[in-house]
Every structure is written in structure tokens, then in C-alpha cells.
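The values are calculated or read from the model by the stated rules, or taken from the named source; none is laboratory data. Nothing here was measured: the structure is a model prediction, and the numbers come from that model. Cβ atoms come from the backbone with ideal geometry, glycine included; neighbour counts cover every protein chain shown.
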Amino acid sequence: MISIINSFGLDGINGYIVTVEVDAGNGMPMFEIVGLPDIAVKESRQRIKSALKNTKIDLPAKKYVVNLAPADLKKEGAVYDVPIAIGVISSLGLVSFENLSESMFLGELSLTGEIRKVKGVLPAAICAKKQGIKNVFVPKDNAAEAAMVDGISVFPCNSIKDIILHFTKENVITPIEVDVKQYFNASEELECDFSEVKGQENVKRALEIAAAGGHNCLLIGSPGSGKTMLAKRLPTILPDLTLEEALEVTKIHSVAGILPQQTPIITKRPFRSPHHTTSTVALSGGGSVPKPGEVSLAHHGVLFLDEFPEYKKEAIEVLRQPLEDCTVTVSRVQSTMTYPCNFMLIAAMNPCKCGYYGDPNHECTCTEHQINQYLSRISGPVLDRIDLHIEINPVQYDDLEEKSVSESSKEIKKRVNAAREIQQRRFKSDGIFSNSQMTTKHIKKYCNLGTQENLLLKVAFEKLGLSARAYDRILKVARTIADLDKSDDIKTKHISEAIQYRNLDRKYWNR
Ligand SMILES: Nc1ncnc2c1ncn2[C@@H]1O[C@H](COP(=O)(O)OP(=O)(O)O)[C@@H](O)[C@H]1O
Ligand SMILES: [Mg+2]
Ligand SMILES: [Zn+2]
């Protein structure tokens, strides 16, 4: 008898249905898996035989053929252990599984018959719902993750025996119910706060704009000026994640297999700070079994690259496509895979090798050539893709001494959230979330300027020798500044502030 079981495969961060067909027939005893399986899938039969044996099911000597369809897509991992095992039991007629066509199975088997957690369960559950599958049988440790999707029943399973007893009605599994809102409402203790940073009001203002509009920024300043300290506090003022954004972020972390069990949904914007020794593949994603890289793990959050020029040249350049497209395409044998990566890049750097070029209090000991060489590690195209260039001067003694407390992160975040809400309303039907994501089409629609504003921008453009890309970036930043100001129109003061953040190329790169 042939039995057909639904399971799933991953294409990027989206799931698709894989049907597992099992035929237990007469003929030479064998156990074959066909349909482009990888090694982990091929090894499945050993785990399944052992797991069934330890569940007191002895496989009669028969000809077992397992087909994973669609056959043209490569199947990865051990996720098919459970559906294949169920298919085998069903095709032998040992248990009658009701409503198989409305159920999905996934999970890795241990030799003892226990079910182990797997990657990508959230996309699997989303795919099940889309395809009208009502019951999803998942490893117990992945159950909360699957339960984020409403409208399906999620059955947490400890072992293959659990599933059998459920269908024989000897011990029915209760579907798990999770209230998504509970994770969003959990209050948090902040580890650090902007109020600890003395002075630097202009830098804090720039970071507030960056957070409000999701803009990339470059922090440049001498050692000890507080670049790392300021960047580390950015997460404390990032706008709250919407449910839609949270599900997208969670999908990526689920596919990467790094979703913590206690937090089945990610409700805080990610803050990723990979070290400068990180490999290019770890940054952009890919590998022989493709995985999302740091740029995708930072989706809807922050990718913080401290000591930016210290990263490999190749790693810096690999950021160009993701920064431009908000997606990253990684190639693999015979095909490509695309992951979303709408991240905010925060790059921090010293202006030169010794660190003190341009510092008002220290002399720079580098030669002209050394300074140029250091700065040239950040290429023009990369620099061009950064909305805000922020110079940090060391804090003044008076500011450090100052007793009065500076504004807390909570206060700043209120304004950031208000500006982000304006953007959410604006882009409701555009499929984007923030000003930084605007394409030329959106800029035309939402960044109309009056005569005076146009003139100001024209003069600045000619005087500063800005590129066309810089022009668009100034408009996006000006839109965010106007949103923080609760102004429908972009006014001259918004434009002139936005222009200030494009000055560094001239001071450092184009001297
Ligand atoms: N504005 C400031 N207010 C309070 N402390 C500061 C400030 N700027 C720098 N510091 C102190 O100096 C230390 C070094 O700053 P850091 O962020 O590591 O500098 P950078 O990354 O620019 O080299 C910080 O850990 C902090 O203790
Ligand atoms: Mg630092
Ligand atoms: Zn120097």
C-alpha cells in the first residue's frame, strides 16, 4: 500500500510542501529514498529502523521505496525522519492515521524513537496554513514556535510513540495554545541607557534620526571619543517591532536554527555585532548547507560593525548589494537562494591608523599616504550607501563634570516610536516599513519640496558636489527629520539638517 504524508522544504525563508510517498511492497528487501535527498536524508533509514525497533515495531523484510516530491528540489536535513517513519507504519497498515491529507509531520528521530528539534518550523507552519493543512505534528521543543501561527492545531510530540498513541486514541495529544501578545507585553530591564553618555547631544540627535527612519550611519572619531559606547545604546531607542516585522525576523532566526526555545517569537529588533575577523560567508550568508548570514540575522534591526576598516576588504564590499536591495542572494551548487536583509548598518571607525586625524586635542602621527590608505578601505560606493555620516569629537571636560542628568533612552524612544507610526501609516499600501526603504518611486510620492527647499538643495548639491545617490539619501533623511517634527511638509530646516550629515566625505575622503 502506498501512503502519502505531508512535510515541508525550505526555499530561502519560505516553506513549501514536500510530499513523502512510501510504498512497502513485495520484492527484494531494501529501503531506498529517492527525490534528490542529501546525506542527512539518506541516513534517515538507519535512524528510522532503529527508532521503530525501540518503539517495538519490527519492520518486516520488504521492499520500501520512499519518494520525496517535488523531485527537482534538493531535500536537506533530518526533518523527514518523522514523516518517513509515519509513512512506513501507515503503508504496513499497522496504525490507521486519520485525515493524513490535512496533517503535516516534521522532526528528526533519535535512535531511541525520540523526536528532536529541527530548523524552519515557523515557515513550515505558515506554509501549512496557506495550503489548508489543519494539523501540524512538530517536535515538542519547536511547538511554541509553530503555535505563533493562528488557525492551525499544533501537536507537540516527544516521540514516535506519542504520535502512534494519539492516532490509536490511547493517549490523545492536546494542541498547544500560545498567546503571541504575551511576548510583546513583557517588560524589559535596559542594560544601558543614553543618559549615561555625557554631552554629545549632536551625536544622540543623529542616532535618534537613524533609529526613527531606519537609516544607516557611519560614526567617525578618535579612540575613546565614545563611538562604541554610543552605538551599543542604540537598541534602547529603536522603535518597537510590529507583529508583521516580528514574524519576518523570527522566520529568519528559525531557518538559521538559532531561535531560543523560551522565546518562540522575536519581539525586539536584533542587534548583531559580528567581530571584524568574521568570514565573508558568515556575514553575507551561504555555505554548503545555505544559511542566513549576519546581514539577514540583523533584518529589521541593527548590524553594528565596530572598527569598520579592520574588516576584510571583501567583507566590506559584499555589503553593497544587501545595502542597496535589502535582500541578499547566495549561490549554491546549481541554484541560488535569497534571504531578506533590511538592516540598519552602524559602522564605527577611527579616521586614521593612529586614530587622531582631525582631533582637536591630539596630533595625528600618520603620513598623508597612511591616512589615505586607511580611509580608502571604505570605498566610495559603500560610503555612498550610508545615509548619515556622524563625526564624534571627544567629550568636553565640562560635559563630563556636568551634574544634570541627560535625557533617558525611554524619552528618546517615545519620539522615535511616534515618528515610526507616521511612517507605518504612510507606507501602509507600499509594502515597506520605514523612510530608509523608500525607492525613487516612493521618494517622488512622499518627498515633495517647495520652491525654497528645492533651491536650498540645489545650492548644496552644487557646492558640495553631491552624487545622485546622495541626493536621494538627503531627501529620505529630511523626511525622517520632518516626521520627528510631526510636519507633513519637508521644510528648509529639515533639509539643512539632513545636508549636515553628508559632510564627512569632503573632510576625510575627498580632501
Ligand atoms: N560622552 C561620554 N560620557 C561618558 N563616558 C564617556 C563618554 N565618552 C567616552 N566615555 C568613556 O570612555 C570610554 C571609551 O569609549 P569608547 O566608546 O570605547 O570609545 P571609542 O569606541 O570611540 O574608542 C567609555 O567606555 C566611557 O567610559
Ligand atoms: Mg570603540
Ligand atoms: Zn593618524
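Among the residues in segment 260-272, are any in a helix (DSSP H, G or I), buried (at least 18 other Cβ atoms within 10 Å of the Cβ), away from ligand 1 (no atom under 16 Å from the Cβ) and at pLDDT 95 or above?
Taking every residue of segment 260-272 in turn, none turns out to be in a helix (DSSP H, G or I), buried (at least 18 other Cβ atoms within 10 Å of the Cβ), away from ligand 1 (no atom under 16 Å from the Cβ) and at pLDDT 95 or above.
Given the criterion buried (at least 18 other Cβ atoms within 10 Å of the Cβ), assigned by TED's automatic domain parsing to the domain that holds Glu248 and more than 16 Å from ligand 1 (Cβ to nearest atom), identify the matching residue among Ile422, Ile390, Ile443.
One residue alone meets the criteria, Ile422.
Tell me, which residue of segment 354-369 that is among the hydroxyl-bearing types (Ser, Thr, Tyr) and closer than 16 Å to Gly221 by Cβ is surrounded by the fewest Cβ atoms within 10 Å (Cβ to Cβ)?
Within segment 354-369, the match that is surrounded by the fewest Cβ atoms within 10 Å (Cβ to Cβ) is Tyr356.
Could you say which residue among Val88, Val121 is under 21 Å from Ser153 (Cβ atoms) and β-branched (Val, Ile, Thr)?
None of the others qualify; the one that does is Val121.
Do any helices (runs of 4 or more DSSP H) entirely within segment 302-413 hold 2 or more residues that are in contact with a helix residue (DSSP H, G or I) (Cβ under 7 Å, 6 or more places away or on another chain) and within 15 Å of ligand 3 (Cβ to nearest atom), and if so, which?
Because the criterion is at least 2 residues that are in contact with a helix residue (DSSP H, G or I) (Cβ under 7 Å, 6 or more places away or on another chain) and within 15 Å of ligand 3 (Cβ to nearest atom), the helices (runs of 4 or more DSSP H) in segment 302-413 that meet it are 368-375.
Val82 fails exactly one of the following numbered conditions: (1) among the hydrophobic types (A, V, I, L, M, F, W, C); (2) surrounded by fewer than 18 Cβ atoms within 10 Å (Cβ to Cβ); (3) within 24 Å of Gly12 (Cβ to Cβ). What is the number of that condition?
Val82 satisfies all of (1) among the hydrophobic types (A, V, I, L, M, F, W, C); (2) surrounded by fewer than 18 Cβ atoms within 10 Å (Cβ to Cβ); (3) within 24 Å of Gly12 (Cβ to Cβ) except (2).
Going through Leu94, Leu68, Leu109 one at a time, which residue ends up being in the same structural domain as Thr19 (by TED's automatic domain parsing) and under 10 Å from Ile48 (Cβ atoms)?
Leu109
Hey, among the residues in segment 137-151 that are surrounded by fewer than 19 Cβ atoms within 10 Å (Cβ to Cβ) and under 11 Å from Ala125 (Cα atoms), which one's nearest to the chain's Cα centre (by Cα)? So that I can check it myself, show each step before the final result.
Within segment 137-151, the subset surrounded by fewer than 19 Cβ atoms within 10 Å (Cβ to Cβ) is 141, 150-151.
Subsequent filtering for residues that are under 11 Å from Ala125 (Cα atoms) retains 150-151.
Working: Asp150: 22, Gly151: 25 Å.
Per the criteria, the residue is Asp150.
In this structure, is Lys251 away from ligand 1 (no atom under 16 Å from the Cβ) and in a loop (DSSP other than H, G, I, E, B)?
No, not satisfied.
Among the numbered conditions (1) touching a Phe, Trp or Tyr at 6+ places or on another chain (Cβ under 7 Å); (2) exposed (fewer than 15 other Cβ atoms within 10 Å of the Cβ), tell me where Asn185 comes up short.
(1)
Take Leu241 and tell me if it is within 15 Å of Phe343 (Cβ to Cβ), within 16 Å of ligand 2 (Cβ to nearest atom) and not charged (D, E, K, R).
For Leu241, the condition - within 15 Å of Phe343 (Cβ to Cβ), within 16 Å of ligand 2 (Cβ to nearest atom) and not charged (D, E, K, R) - is not met.
Looking at Lys119, Lys63, Lys74, can you tell me which residue is surrounded by 21 or more Cβ atoms within 10 Å (Cβ to Cβ) and among the basic types (Lys, Arg)?
Lys119
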